[in-house]
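One structure below.
The values are calculated or read from the model by the stated rules, or taken from the named source; none is laboratory data. The shown structure was predicted, so the numbers you read here are calculated from the model rather than taken from an experiment. Cβ coordinates were reconstructed from backbone atoms using ideal geometry, including for glycine residues, and neighbour counts include every protein chain displayed. Accessible surface areas use protein heavy atoms only, side chains included; no ligands, DNA or RNA. Shrake-Rupley method; radii C 1.70, N 1.55, O 1.52, S 1.80 Å.
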Amino acid sequence: MAVERWTDEMLDELASSVGEMRKSITEIKDSVDSLRITAQALLQVAAQNQRRMDQFAEEIELTKQRHAENDQRFNVLLEEVRYLIRGN
């Protein structure tokens, strides 16, 4: 097995490559941090939207209940009017 000796030029290239790799790693870390922050913000927005949707669903359910109660009241009144009409 032949032993290769490192020249100054080879060491400079290696140092340059290591420097570029460090820079790339730093950029990747920064990107990951940015993605993490963005993901957290999106999760917060999604949670807020879910709360709004839950409130909206509750309001719809209350509206349906009120509508059903009003329908029942109307039907009772309608029956009373029919009864009165038949009585006269």
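With a bin width of 5 angstrom, please list the P(r) values of region 45-88 as percents of all Cα-Cα pairs, from the 0 bin to the one holding the largest distance. With a bin width of 5 Å, the distribution comes to 5, 20, 12, 14, 9, 8, 9, 6, 6, 4, 3, 2, 1. Mind jotting down the distance between the C-alpha centroids of region 42-58 and region 1-38, whole Å? Rounded to whole Å, the Cα centres lie 44 Å apart.
If you sort LEU78, LEU43 by accessible surface, 1.4 Å probe, largest first, the order is LEU43, LEU78. Heavy-atom surface analysis with a 1.4 Å probe gives the chain a carbon and sulfur content of 58 percent of its accessible area. For the chain, what Kirkwood radius comes out of the mean inverse Cα-Cα distance, in Å? In the chain this quantity evaluates to 20.8 Å.
Accessible area ranking (1.4 Å probe, heavy atoms, ligands and nucleic acids excluded), largest first, for ARG22, ARG66: ARG22, ARG66. Neighbours of ARG66, meaning other residues whose beta-carbon lies under 14 angstrom from its beta-carbon, give a summed charge of -3 when Lys and Arg score +1 and Asp and Glu score -1.
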